[in-house]
Amino acid sequence: MIENEHQGMADKNRAERFKAAILATGTYEEVAEKSGVSVSTLVRISSGKTDPKLSDAVKIAKITRQNLNDLVYGETKEQQVEAVKSFVTALNGTDEATDEAYRSIIWKLTSLYKEDIQAINVQIQALSEFRHKQRTTERASLKRTYIENLIEKRSDIADMIRKELVENYGFTDDELSEAQLEYEIVTERKRLEKEKEERKKAIEKTEKMFRRPL
């Protein structure tokens, strides 16, 4: 059942909106036949004796050609804000624009058909998987850069990266201690030494080519 701020009491304004939409479309019997919602349920919703279940609200909105948002929550900004509270108990609080985007998305979802929501869900799943892979790659890359700076004794840079890893990538200070990273530091040091040696050989080879007599 759609929530309102007074538990157990139907919203009178909402009841009036449903009543007007139903009677503008036909009799209770006619709307019941077309929507699949029983006459008794339509009457109870219209009289304010009960709040509609979301599934019934969707059916009524389709038959009466009304916007689901307007039927359920009304049209004012204040009503929209109250509406999303039943869907979102806490926003991330990242920034005002992001919070407003959450509200806007959730609010607009209520006016879509189930096929639309299912299609959006597929897209969100794909984007979520992409972002997860991207973040995993970023996490590993930044950790590797942190270890490189530890090896090179660039403590200021290492401290900055360490802070970012803790604040934004879920690491703990203990996980980033040199004691915990001992094996990875040894492995990375060997890799860096190998790279340096390969670069040195490549430079020497190039220099020899330029020193050859014409």
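So the values come out like this:
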{"quantity": "Some residue of region 164-185 being outside the structural domain of Ser55 (by TED's automatic domain parsing), under 30 Å from Tyr73 (Cβ atoms) and modelled with pLDDT of 90 or more", "calculated": "no"}
{"quantity": "Meets criteria (under 30 Å from Leu109 (Cβ atoms) and outside the structural domain of Ile105 (by TED's automatic domain parsing)) for Asn149", "calculated": "no"}
{"quantity": "Count of region 141-159 residues which are under 28 Å from the mean Cα position of the chain (by Cα) and more than 16 Å from Arg191 (Cα to Cα)", "calculated": "1"}
{"quantity": "Cβ-Cβ under 9 Å pairs, at least 6 apart or on other chains, region 94-117 side loosely packed, with under 11 Cβ neighbours inside 10 Å, far side at pLDDT 80 or above", "calculated": "Lys114/Val58"}
{"quantity": "Selection within region 145-201 - assigned to a loop (DSSP other than H, G, I, E, B), of a type in the set (Asp, Glu) and under 27 Å from Lys133 (Cβ atoms)", "calculated": "Asp173, Asp174, Glu175"}
{"quantity": "Options Ile124, Ile105: the member that is in a helix (DSSP H, G or I), out of contact with any Asp or Glu (no Cβ under 8 Å at 6 or more places or on another chain) and not assigned by TED's automatic domain parsing to the domain that holds Ser177", "calculated": "Ile105"}
{"quantity": "Residue count for region 26-58, restricted to those that are under 38 Å from the mean Cα position of the chain (by Cα), crowded, with 17+ Cβ neighbours inside 10 Å and outside any loop (DSSP other than H, G, I, E, B)", "calculated": "10"}
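Rundown of residues vs (1) modelled with pLDDT of 80 or more; (2) more than 29 Å from Ala21 (Cα to Cα); (3) out of contact with any Ser or Thr (no Cβ under 6 Å at 6 or more places or on another chain), yes/no style:
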| position | (1), (2), (3) |
| --- | --- |
| Ile63 | yes, no, no |
| Glu75 | no, no, yes |
| Val84 | no, no, yes |
| Glu100 | no, yes, yes |
| Phe130 | yes, yes, yes |
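The values are calculated or read from the model by the stated rules, or taken from the named source; none is laboratory data. The model shown is predicted, which means the values in this text are computed figures rather than measured ones. A quick note on method: Cβ atoms are made from the backbone with ideal geometry, for glycine too, and the neighbour counts reach across all protein chains shown.
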